[in-house]
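The values are calculated or read from the model by the stated rules, or taken from the named source; none is laboratory data. This one's a predicted model, so the numbers in the text were calculated from it and none came from an experiment. Cβ: placed from backbone, ideal geometry, glycine included. Neighbour counts: every protein chain shown.
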Amino acid sequence: MTYIANFPGFWVTNFKGELAALSAAFLWAIASVVWSKVGQRIPPLELNFLKGVIAEVFLVVTIFLSERSLPAIEPIAFWLLLLSGAIGIAIADTALFAALNYLGARRTLLLKILTSPLVALIALVFLQETLSVAAWWGIFLTILGVAWVVSERVPGTNGKEAYFWQGIVWAMVSTVGDAIGAILSRLALTQTTISPLWSTLIRLTAGLILLLIWLVIKNRKIRENYLLRYQPLLTINLWAIITFNSFIGTYLGIWLQQISLKFAPAGIAQTLNATSPLFVLPIAVLLGEKVSFRAIAGVLLALVGIALLFKF
């Protein structure tokens with residue numbers, strides 16, 4: 001009876017990083033459905049910057065209310081977080097939006113799955129993280145299950161065949177950027193006592209700075225007419241949607257990702273973070289889409305892999 005009473009606490013204590021990664025994947029699944037609609041009206045670079053600014057406000061308010069001062073942090077860890085944000089948020093997220101425009105969600109998500117084994121291999125080489133045989137099988141089965149789901153051909157995809165290779169390039173840029181960003185975060189978080197909340201703020205700030213520079217270079221007359229160009233599109237309803245999505249997808253999503261990277265091995269954390277396509281399936285059912293047996297089987301296969309990652 002004592003074990004049963006302590007069961008929820010056991011999971012939270014022993015699998016804090018893994019549960020944070022799955023929560024982030026769930027929130028990103030919801031956000032991806034919304035961004036796929038909003039992205040048709042606002043270009044990738046501008047949308048990435050806008051959602052980042054909103055998420056930054058949420059982070060600053062949270063830190064102010066929690067009265068958490070920035071702890072002492074080694075300069076190397078601080079610069080690792082800055083570099084992680086510049087690569088993993090500014091470059092990788094913008095590339096992801098571009099890839100979605102060229103390839104559509106299914107193909108892009110299929111290529112993004114490569115982030116997980118890439119993170120595990122980088123962590124193995126540079127962080128000397130060793131994974132058990134069961135964990136490697138878990139990673140393999142999870143990737144296989146997700147790939148089986150997202151590679152299924154469905155009607156109504158928005159891939160643009162004329163720009164196929166451009167989409168491939170953008171998707172790979174996003175994949176490599178995510179992997180490098182995750183490893184840099186993991187390296188910084190394991191060498192300092194900084195909280196995931198502060199590390200999220202540092203990463204997002206670095207990403208916003210690079211995005212702002214990118215925008216200025218792209219539009220030298222930004223102060224005169226650039227923002228006015230999109231003002232008619234930013235209705236009250238659209239602002240509400242972007243704010244909500246920034247809250248769950250960027251503010252909470254990246255925060256949970258940082259928690260997962262701090263308390264779970266990088267390969268496992270990134271694998272679970274990559275399970276967003278699995279959570280899209282029930283959302284698709286709620287939206288009236290037909291889900292095939294293949295999709296359900298892929299989910300079950302990935303769940304077996306996740307069970308192995310939890311090391312029962």
Inset, instruction - Starting from the range 281-300, take each residue that is farther than 16 Å from L109 by Cβ and list its partners that are surrounded by 12 or more Cβ atoms within 10 Å (Cβ to Cβ) and of a type outside the set (D, E), counting only C-beta distances under 7 angstrom and pairs at least six apart or across chains. - result: V285/V291
Legend entry - Condition met for A297 (modelled with pLDDT of 80 or more, assigned to a helix (DSSP H, G or I), of a type in the set (A, V, I, L, M) and within 30 Å of A182 (Cβ to Cβ)): yes
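How many of the residues making up the range 189-210 are touching an Asp or Glu at 6+ places or on another chain (Cβ under 9 Å) and assigned to a helix (DSSP H, G or I)?
Result for the range 189-210: 5.
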Legend entry - Index of the failed condition, I180 passing every other in (1) at pLDDT 85 or above; (2) surrounded by 23 or more Cβ atoms within 10 Å (Cβ to Cβ); (3) among the β-branched types (V, I, T); (4) under 27 Å from I306 (Cβ atoms): (2)
Inset, instruction - Return only the number of the condition from (1) modelled with pLDDT of 75 or more; (2) of a type outside the set (S, T, N, Q); (3) over 12 Å from the mean Cα position of the chain (by Cα) that L256 does not satisfy. - result: (3)
Inset, instruction - Could you identify the single residue in R186, R203 that is within 21 Å of S69 (Cβ to Cβ), within 16 Å of the chain's Cα centre (by Cα), among the basic types (K, R) and buried (at least 24 other Cβ atoms within 10 Å of the Cβ)? - result: R203
Inset, instruction - For V61, indicate whether it is closer than 22 Å to N219 by Cβ and among the aliphatic types (A, V, I, L, M). - result: no
Inset, instruction - Identify the residue in the range 60-89 that is of a type in the set (S, T, Y) and more than 21 Å from the chain's Cα centre (by Cα) and, among all such residues, is farthest from I254 (Cα to Cα). - result: S69
Legend entry - Residue satisfying all of: in the range 265-294; surrounded by fewer than 20 Cβ atoms within 10 Å (Cβ to Cβ) and part of a loop (DSSP other than H, G, I, E, B); modelled with the highest pLDDT among these: S292
Legend entry - helices (runs of 4 or more DSSP H) fully within the range 1-101 counting 1 or more residues that are farther than 19 Å from G207 by Cα and at pLDDT 80 or above: 16-38, 44-66
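Yes/no matrix, rows are residues, columns are (1) surrounded by fewer than 16 Cβ atoms within 10 Å (Cβ to Cβ); (2) in contact with a Leu (Cβ under 8 Å, 6 or more places away or on another chain); (3) over 22 Å from I254 (Cα atoms); (4) modelled with pLDDT under 80:
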residue	(1), (2), (3), (4)
T130	yes, yes, yes, yes
V146	no, yes, no, yes
T157	yes, no, yes, yes
G167	no, yes, yes, no
Q231	yes, no, yes, yes
